[in-house]
1. Say we look at region 41-89 and pick out the residues that are polar (S, T, N, Q) and surrounded by 13 or more Cβ atoms within 10 Å (Cβ to Cβ); which of these is modelled with the lowest pLDDT?
2. In this structure, does ALA120 turn out to be at pLDDT below 90, surrounded by 12 or more Cβ atoms within 10 Å (Cβ to Cβ) and either touching a Gly at 6+ places or on another chain (Cβ under 9 Å) or part of a helix (DSSP H, G or I) (or both)?
3. Give me the residue from region 3-26 that is among the aliphatic types (A, V, I, L, M), closer than 18 Å to VAL140 by Cβ and buried (at least 22 other Cβ atoms within 10 Å of the Cβ) and, out of that set, nearest to the chain's Cα centre (by Cα).
4. Quick one: VAL108 ticks every box in (1) β-branched (Val, Ile, Thr); (2) surrounded by fewer than 20 Cβ atoms within 10 Å (Cβ to Cβ); (3) closer than 22 Å to ARG137 by Cα except a single one, so which number is it?
5. Looking at ARG137, ARG126, which one is outside any helix (DSSP H, G or I) and basic (Lys, Arg)?
Amino acid sequence: MAIANINWILDDGPLGALAQCVESDQAATWSRDHFWVPNSCAIAAAQDKSGRRPRWLMANGGPFQPTALDESGLELLYTHLRPSQSTIVDLGEHEAIAWGLTISPEAVFVVCDKRAAILALAELGRHRVCHPFEFWRALV
């Protein structure tokens, strides 16, 4: 797998699509240092009826780690990205953007949702947001 030294943070949609195509035991051979999932997406993965995403996230030595925001990331999340939202709608996308701005300034956000991609592009800048097909291409 030619993945380079890039930190990838996958939204729920790309994570689910990848989990459909790649078995968790195969993914467990990938480096743990380069694959991240917003914490809210990791929590929501437990409700995946297929069981694929939970197996991926719970696999012993699996590559995907949930993000953890520090104080500056949480402040950015709730004062800039989600100042008046009380629902969990788009929480994963907003978490990923806040994590990319504060914790991992070189991370690339992999997202399918158009609105989230535009927001991420505006917040993270060029070359920090990609479509799943670009991510798949980097994996091979």
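The values are calculated or read from the model by the stated rules, or taken from the named source; none is laboratory data. It should be emphasised that the depicted structure is a prediction, and the values quoted were computed from it without experimental measurement. All Cβ positions, glycine included, derive from the backbone under ideal geometry; neighbour counts span all protein chains shown.
1. Just the residues of region 41-89 that are polar (S, T, N, Q), to begin with: 47, 50, 60, 65, 67, 72, 79, 84-87.
From what's left, surrounded by 13 or more Cβ atoms within 10 Å (Cβ to Cβ): 65, 67.
Values: GLN65: 86, THR67: 90.
Once the filter is applied, the top-ranked residue is GLN65.
2. Details: at pLDDT below 90: no; surrounded by 12 or more Cβ atoms within 10 Å (Cβ to Cβ): yes; either touching a Gly at 6+ places or on another chain (Cβ under 9 Å) or part of a helix (DSSP H, G or I) (or both): yes.
Taking the combined requirement at face value, the residue does not satisfy it.
3. Just the residues of region 3-26 that are among the aliphatic types (A, V, I, L, M), to begin with: 3-4, 6, 9-10, 15, 17-19, 22.
Keeping just the survivors that are closer than 18 Å to VAL140 by Cβ gives 3-4, 6, 10, 15, 17-19, 22.
Keeping just the survivors that are buried (at least 22 other Cβ atoms within 10 Å of the Cβ) gives 10, 15, 19.
Working: LEU10: 3, LEU15: 8, ALA19: 13 Å.
Selected residue: LEU10.
4. Only one criterion is unmet by VAL108, namely (2).
5. Working: ARG137 fails: outside any helix (DSSP H, G or I).
After ruling out the rest, the residue left standing is ARG126.
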